[in-house]
Amino acid sequence: MVIVPASFKVRRIIRRKWALADPSKTDKKGVLIAPMPSRTVARGLFG
């Protein structure tokens, strides 16, 4: 009999951030953040 220990994987969601060089030229704020990815399960906490 062989016992294999359980393992967990952590999936990190990295949202990139960008700073605008000259925010006065656009209607955006000074820092842009990438949107969150859609979730696999609606109202679920995991991705």
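The values are calculated or read from the model by the stated rules, or taken from the named source; none is laboratory data. These numbers were taken from a predicted model, which means no experiment stands behind them. Neighbour counts run over all protein chains shown; Cβ positions are idealised from the backbone, glycine included.
List of remarks:
- In segment 1-18, the residues that are farther than 16 Å from Pro37 by Cα form Cβ pairs under 9 Å with partners that are outside any loop (DSSP other than H, G, I, E, B), at six or more places apart or across chains, as follows: Trp18/Val31; Trp18/Leu32; Trp18/Ile33.
- Selection count where residues are in a loop (DSSP other than H, G, I, E, B) and either modelled with pLDDT under 80 or surrounded by 10 or more Cβ atoms within 10 Å (Cβ to Cβ) (or both), scope segment 10-47: 22
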